[in-house]
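Visitor: Dropping the structure in here first, questions after.
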Amino acid sequence: MAFVRKQQSDEDTDFYHEEERGMKEVASKRRRVSLDPPDERVNNDGHAPGAIVRVALVDFVTYSNVVFWLGPSMNMIIGPNGTGKSTLVCAIALGLGGKPELLGRAKDIGEFVKQGKKRGTILIEIKGHAGEPNRTIERTIFSDNRSEWNIDGKHTTARAVKDLTDSFSIQIDNLCQFLPQDKVAEFAHMSPQLLLQETERATGSAEMLSQHQELIKLQNEYTALARSSSANEKELEKLVQVQERSREEVERFQQRAKLQERRKYLENILPAAVMQEAVSKGTEAKKEGRRLKAIKDELEARTGPSGELRDAAKTKLDEFRAEVERQKLAVSKAMKKLDAKISKKDEFNTQVEAKKSEIKSIGKEREKTKTKIQDLKKDISAARERLKNKPDEKTGEELQAKLKEARQKLRTVEEQRTKISDEANSFDQENKRATAEVEDLKKQLTSLNSVDVQRLARVEKIDKDTWEAIKWLRQNKNLFKEEIYEPPIMSLRVKDASLTYAVESVAKRNTLLTFTCMNREDYVLFNKHVQDENKLSVAVAEYSKSDRPRLESWGRLMDENKLKSLGFECVVSDLIEAPDAVMNMLYHTSSINMVAFSRRELSVAQVNKVDAAKRADGAPLIQKYISGRQSIYVKQSAYGSRELLKSNQKIGSPVALVSGGVDQAQKTRLMERLKEREQKRSETEERTKEKRAQMRKFNDMRKAVDAEKNTIQSALTEWQGLKRKYNSTEAKLDDLVFQLQELEQAPDSTAERIRERERELEEIAGQRERFAVELVEETRKVAKMQVGLVGRIVAEQKGKSDYEVLNERFEVANRELVEVQAAVQAQREITRELRQRAVQEKDRLMEHLASLSEEDHALVEEYMIDENRIDRSEIEAETERVDEQLNQIFSGNAHVLETYERRAREIAKLREKVEIGSGKVAELEARIREIRSGWERELDALVGRISDEFAEAFRSIGCAGTVGVGKDEEDYEKWRIDIKVRFRENEQLQLLTHQRQSGGERSVSTIFYLMALQCVTKAPFRVVDEINQGMDPRNERMVHRRMVEVACAENASQYFLITPKLLPDLTFHEKMSVHCIFSGGFLPERGGAADFGRLRKYVEVGKRLRERV
């Protein structure tokens, strides 16, 4: 049953009387709902075009037959839970063309037909445009999920209904205009990015949202294209670098190929060159033979007369030669006599020089003796001086004793140093063993921590902000008083990895990504750094002031035996391990200690047994449990027979948690052992250092003793050297004295010897003068004879010259004749051989041409007719040069050229792709700038107006708030609505998040944002279902007052506020309409468990509001 009240209606009094007479009488007098066309009398009742005037329902959900007459301004729909308030919202949504998914309830439209009926009807009357009648939209729903549509009583289509609602700017799918109960949480949890798009849809121009979506699309295309273009550019650069590196090899390969081609060509033309050379040589040889025969004939004619002249000159020459020989004999005899005298003259000169040399040598010997005597005296004096310093024998003995003592001391120090060294080495080995154990333990810990790496990678994929926050926390733990625990997705370990699905079905995604703080100060500081400064949207929990701040404060669903008796293995909390603080957070948020678990599906008997288990107040003992792969939620209805209501949900595969996890107990044991071994290592390192220090001390002692020993050894060595020198000097002195005595006692005969040599020199000089006179006379005679000989020789030479000239002429003529005769004969042989060779080379050439391809054959023929062709020597020289170049060029990879050319084609294609990509990127950039310029300007202006209205609403309740656009220059999909609020005087404006503000504060912010949207755009009506849930009385009063002011202002949109509760003495306005709903299939007697007292309270509130007006 439904009671519908319109504040201004004259039927109100009857309604109150009927209520007082009791519900049974009212039920008997209930009127049937009319689905008649709109009544013209309501066409001018203050409704704006598109506003809802009337809603009529037949067999829809809980209603059998009901009609709602709705006011043009604020419509408050009040009544207890489960009585049909939200059903009205469903009717408005579905009746205006909405889909079931919009409501977040049933998936199929047929589920909205009242149970036991085959069809249900929704009729909505909306205010027509100015001067036009109201319009009615009727939708008939069938249980088999069919729908039929009528507009103004005429059959139509869903498309026509959509066109009609669009003409009134009705957007049922926009949560900013239409917010059903099951979508309230969705709106409150709507991401800032989605909120921006919904705001654009609700309040922006027709193009604004499409432009935003186009920007997102273009940005994604731009990013993908830029990434692809960048990848192509890098690949192009890489290919070009590879191409450049291989270019030299390719050029060498190409050069080698050209050289090989040239060598092949040279090989092919060489036989032709050889044949042509043979032919040419044969022709030249024939010409040369004719030329040589002509020369031979000429020489034979000239040789005869020259022989006779030569013979006459020869006879006369012989006569001259005989006379010269006779004169030469006489001169020779005279010369021999003269030479004998000249030789004797040389003997006199030699004797004179010998005597002079003897005189000089005798003088030098005396000077040498004097010098040697002086040197011996000096050496004797020096030796005697050295012998005065005789080394002390006692000093040597003392040095020997000291050296022995130092060596003994050095051995003692070395023995002590060796002992300390052995001890240090022992400690060092022990330290190495401890170090090896430490490294092994670290490896084991690293192996355990690899799960941490996997989980961190999973977090990055799931939620980038949480990933960034974890990294930030790990670097800044020192900022906080107590430990801040990372989200369960990082720190939770499922004992049996195969049961991860069960844990994740209870602890939802947001819970698994929640950080846990241990005190309020750390909570505020963490939010400041992470959310305010780093702009990261993350979930944070803190329970220090709650009724259960620690894990030990919690109880358990039931004991293990009782669980097993009902068919369960354990509760979900038994499946996992996590730090106590994290477990406490999971108890608070997900009640994992109250969810029973069975990996096998419960039997029917076990399910019945679970259903039968009750608490003292009659409520189900187990309200949520997991049976196999099904999650079951059990709730007892608050109405009627209070039967159990169950909802089943199939559990899918886990997506957040990495299977397994770190074994915390093992990790703790490893860390304790690691600490113990590191301490042991530290101790051994310290003891090793002590021994090393002692070793350094003994090393210093050893160096000092060694230095002392070396000093003594040096002194002893010096003493021994002095002793050896003394003994040597003593022996040498005697020898020097003996030598001096011999020299001083020897007689001096130097003057006598010199005088004797001078007398002998004078005698030799006299003999040399007498012999010189005789030599001059003999020389004159020989000279006269030589003059006569010269005359005869001159005559002979003239005869000889005449003969030689004539003989040369004859010999030349005769020799040329003989040579020419031989040359003629040889040339005949050469010509014959060359003719035979030319024939052979021609045969070889023909054979060679027959083996060539047509192309090579043509090249050879072209060579043969070329007047400027190269000859054989040039071919062979060039072939040698080509071979030398080929030997210098490594053959390399035979496929390098093919690879190079293929890569060149790839580079060309890739370069074209890069150019096309760059062009497209530029086009996208230009298109993005073009769309953004207008869109951003319009968006900033729109959000500015929303912010002004939002701020005014907060000022009206003594708080502060602002709305802005969060911009991301690299991703338009990340542009968002940033709502900042302040509910206390001593606070700064803070971003509105699920973690910062309480549920009531978020509700206030949400409704004020909706009201701000209403102020900046015109929509025929707005629906908000149970938005005031979670508000404290103060906030609810302030919000209610603001809603009344806005909704009841001039030209304001129609407003629907659905709520199960109201505070007394709320602000009331004469434009408000209050609708009380109390509908149900079971109505108890007065005074029963479900009394009408609550309804009476609603009626009394309405009366008081009416009286105040």
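Visitor: Restricting to segment 944-965, name every residue that is aliphatic (A, V, I, L, M) and under 14 Å from T203 (Cα atoms).
Guide: Within segment 944-965, the subset aliphatic (A, V, I, L, M) is 946, 951, 953, 957, 960, 963, 965.
Listed by number, the list holds a single entry, I946.
Visitor: Can you name the residue in segment 950-987 that is in a helix (DSSP H, G or I) and open to solvent by less than 60 Å² (accessible area, probe 1.4 Å) and is also farthest from I928 (Cα to Cα) among such residues?
Guide: Among those residues, the one meeting the criterion is S956.
Visitor: Right, here's the next one. Taking the condition in contact with a strand residue (DSSP E or B) (Cβ under 6 Å, 6 or more places away or on another chain), hydroxyl-bearing (S, T, Y) and under 17 Å from G50 (Cβ atoms), does T136 pass?
Guide: yes
Visitor: So, in segment 383-417, exactly how many residues are within 24 Å of E690 (Cα to Cα), β-branched (V, I, T) and over 60 Å from the mean Cα position of the chain (by Cα)?
Guide: So the count comes out to 1.
Visitor: Is it the case that R982 is within 35 Å of the chain's Cα centre (by Cα) and of a type in the set (K, R)? Reasoning before the result, please.
Guide: On the way: within 35 Å of the chain's Cα centre (by Cα): no; of a type in the set (K, R): yes.
Taking the combined requirement at face value, the residue does not satisfy it.
Visitor: Moving to a separate point now. Do any residues in segment 605-632 that are without any contact (Cβ under 8 Å) to a residue 24 or more places away in the chain and under 14 Å from V595 (Cα atoms) have Cβ atoms under 7 Å from those of residues that are in a strand (DSSP E or B) and aromatic (F, W, Y), where the two are at least six apart or on different chains, and which pairs are they?
Guide: Cβ pairs passing all conditions: I632/Y625.
Visitor: Another one. Read through the list (1) free of Cβ contacts under 8 Å to residues at least 40 places away in the same chain; (2) assigned to a helix (DSSP H, G or I); (3) small (G, A, S), then give the number of the only condition that S1003 fails.
Guide: Evaluating S1003 over (1) free of Cβ contacts under 8 Å to residues at least 40 places away in the same chain; (2) assigned to a helix (DSSP H, G or I); (3) small (G, A, S) leaves (1) as the failure.
Visitor: Taking segment 1061-1081 only, how many residues are open to solvent by 20 Å² or more (accessible area, probe 1.4 Å), in contact with a Gly (Cβ under 9 Å, 6 or more places away or on another chain) and modelled with pLDDT under 85?
Guide: If we filter segment 1061-1081 for residues that are open to solvent by 20 Å² or more (accessible area, probe 1.4 Å), which is where we start, we get 1061-1065, 1067-1071, 1078, 1080-1081.
Next cut, in contact with a Gly (Cβ under 9 Å, 6 or more places away or on another chain) only: 1071, 1078, 1080-1081.
Narrowing the set further to residues that are modelled with pLDDT under 85 leaves 1078, 1080-1081.
Number satisfying all stated conditions: 3.
Visitor: Just one of E233, E288, E200 is within 30 Å of Y972 (Cβ to Cβ), in contact (Cβ under 8 Å) with a residue 40 or more places away in the chain, assigned to a helix (DSSP H, G or I) and open to solvent by 50 Å² or more (accessible area, probe 1.4 Å); which is it?
Guide: None of the other options fit; the residue is E233.
Visitor: Considering only segment 418-425, I want to know if a residue exists there that is open to solvent by less than 60 Å² (accessible area, probe 1.4 Å), under 18 Å from F526 (Cα atoms), over 24 Å from the mean Cα position of the chain (by Cα) and touching a residue at least 12 places away in the same chain (Cβ under 8 Å).
Guide: No, every residue in segment 418-425 fails to be open to solvent by less than 60 Å² (accessible area, probe 1.4 Å), under 18 Å from F526 (Cα atoms), over 24 Å from the mean Cα position of the chain (by Cα) and touching a residue at least 12 places away in the same chain (Cβ under 8 Å).
Listed here are the residues, each with its yes/no results for (1) among the polar types (S, T, N, Q); (2) surrounded by fewer than 17 Cβ atoms within 10 Å (Cβ to Cβ); (3) in a loop (DSSP other than H, G, I, E, B); (4) at pLDDT below 85.
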| residue | (1), (2), (3), (4) |
| --- | --- |
| R548 | no, yes, yes, yes |
| D574 | no, yes, no, no |
| A581 | no, no, no, no |
| M585 | no, no, no, no |
| N593 | yes, no, no, no |
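Visitor: State the number of residues belonging to segment 940-949 that are within 21 Å of E1045 (Cα to Cα) and either touching a Leu at 6+ places or on another chain (Cβ under 6 Å) or open to solvent by less than 50 Å² (accessible area, probe 1.4 Å) (or both).
Guide: First, the residues of segment 940-949 that are within 21 Å of E1045 (Cα to Cα): 945-949.
Adding the requirement that they be either touching a Leu at 6+ places or on another chain (Cβ under 6 Å) or open to solvent by less than 50 Å² (accessible area, probe 1.4 Å) (or both) leaves 946-947.
Selection size over segment 940-949: 2.
Visitor: Among the residues in segment 495-505, are any of a type in the set (K, R) and part of a helix (DSSP H, G or I)?
Guide: The answer is no, given that none of the residues of segment 495-505 is of a type in the set (K, R) and part of a helix (DSSP H, G or I).
Visitor: Exactly one of these conditions fails for F348: (1) of a type outside the set (D, E, K, R); (2) at pLDDT below 75; (3) surrounded by fewer than 11 Cβ atoms within 10 Å (Cβ to Cβ). Give me its number.
Guide: All conditions pass for F348, except number (3).
Visitor: Can you tell me which of R815, R809, R832, R780 is open to solvent by 60 Å² or more (accessible area, probe 1.4 Å) and in contact (Cβ under 8 Å) with a residue 40 or more places away in the chain?
Guide: The match here is R809.
Visitor: In segment 695-723, which residue that is in contact with a helix residue (DSSP H, G or I) (Cβ under 6 Å, 6 or more places away or on another chain) and of a type in the set (K, R) is surrounded by the most Cβ atoms within 10 Å (Cβ to Cβ)?
Guide: Step by step, filter segment 695-723, then rank; the result is K709.
Visitor: Of all residues in segment 1037-1051, which are surrounded by fewer than 20 Cβ atoms within 10 Å (Cβ to Cβ) and among the hydrophobic types (A, V, I, L, M, F, W, C)?
Guide: The answer is C1048, A1049.
Visitor: Scanning for something touching a helix residue (DSSP H, G or I) at 6+ places or on another chain (Cβ under 9 Å), among the small types (G, A, S) and modelled with pLDDT under 80, does segment 878-891 turn up at least one residue?
Guide: yes
Visitor: For E769, indicate whether it is modelled with pLDDT of 75 or more, assigned to a helix (DSSP H, G or I) and either open to solvent by 90 Å² or more (accessible area, probe 1.4 Å) or aliphatic (A, V, I, L, M) (or both).
Guide: For E769, the condition - modelled with pLDDT of 75 or more, assigned to a helix (DSSP H, G or I) and either open to solvent by 90 Å² or more (accessible area, probe 1.4 Å) or aliphatic (A, V, I, L, M) (or both) - is not met.
Visitor: Please verify whether segment 992-1002 includes one or more residues that are within 25 Å of L88 (Cβ to Cβ) and in contact with a strand residue (DSSP E or B) (Cβ under 6 Å, 6 or more places away or on another chain).
Guide: No, segment 992-1002 has no match at all.
Visitor: Moving on to the next point. So if I check each of R937, R844, R869, R902, which one is open to solvent by 70 Å² or more (accessible area, probe 1.4 Å), of a type outside the set (A, V, I, L, M, F, W, C) and touching a Pro at 6+ places or on another chain (Cβ under 8 Å)?
Guide: R844
Visitor: Please work out if I830 is in contact with an Asp or Glu (Cβ under 9 Å, 6 or more places away or on another chain) and within 30 Å of T350 (Cβ to Cβ).
Guide: When the stated conditions are applied, I830 does not pass them.
Visitor: Sticking with this one: Mind listing whichever residues of segment 236-283 are among the charged types (D, E, K, R) and open to solvent by less than 70 Å² (accessible area, probe 1.4 Å)?
Guide: Looking only at segment 236-283, we keep the residues that are among the charged types (D, E, K, R), and these are 237-238, 244-245, 247-249, 251-252, 256, 258, 261-264, 267, 277, 281.
Once the filter is applied, which keeps residues that are among the charged types (D, E, K, R) and open to solvent by less than 70 Å² (accessible area, probe 1.4 Å), segment 236-283 yields E249, R256, R263, E277.
Visitor: Scan segment 516-535 for residues that are touching a residue at least 12 places away in the same chain (Cβ under 8 Å), over 19 Å from S491 (Cα atoms), open to solvent by 20 Å² or more (accessible area, probe 1.4 Å) and among the hydrophobic types (A, V, I, L, M, F, W, C) and jot them down.
Guide: L525
Visitor: All but one of (1) of a type in the set (G, A, S); (2) under 14 Å from R872 (Cβ atoms); (3) open to solvent by 60 Å² or more (accessible area, probe 1.4 Å) hold for A301; which doesn't?
Guide: Just one mismatch for A301, condition (2).
Visitor: Here is a follow-up. When you go through I622, I626 one by one, which is the residue that is modelled with pLDDT under 90, within 20 Å of D559 (Cα to Cα) and surrounded by 13 or more Cβ atoms within 10 Å (Cβ to Cβ)?
Guide: Unique residue meeting the criteria: I622.
Visitor: Within 30 Å of T717 (Cβ to Cβ) and hydroxyl-bearing (S, T, Y) - does that describe any residue in segment 393-403?
Guide: Yes, segment 393-403 contains at least one residue that is within 30 Å of T717 (Cβ to Cβ) and hydroxyl-bearing (S, T, Y).
One line per residue, one yes/no per condition, for (1) modelled with pLDDT of 80 or more; (2) exposed (fewer than 15 other Cβ atoms within 10 Å of the Cβ):
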| residue | (1), (2) |
| --- | --- |
| K635 | no, yes |
| N648 | yes, yes |
| S653 | yes, yes |
| G661 | no, no |
| A665 | no, yes |
| R687 | yes, no |
| A693 | yes, yes |
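The values are calculated or read from the model by the stated rules, or taken from the named source; none is laboratory data. The structure displayed is predicted, hence computed values, not measured ones. So basically every Cβ, Gly included, is an ideal-geometry build from the backbone, and we count neighbours across all protein chains shown. We work out accessible area using only protein heavy atoms, side chains counted, and drop any ligands, DNA or RNA first. Shrake-Rupley method; radii C 1.70, N 1.55, O 1.52, S 1.80 Å.
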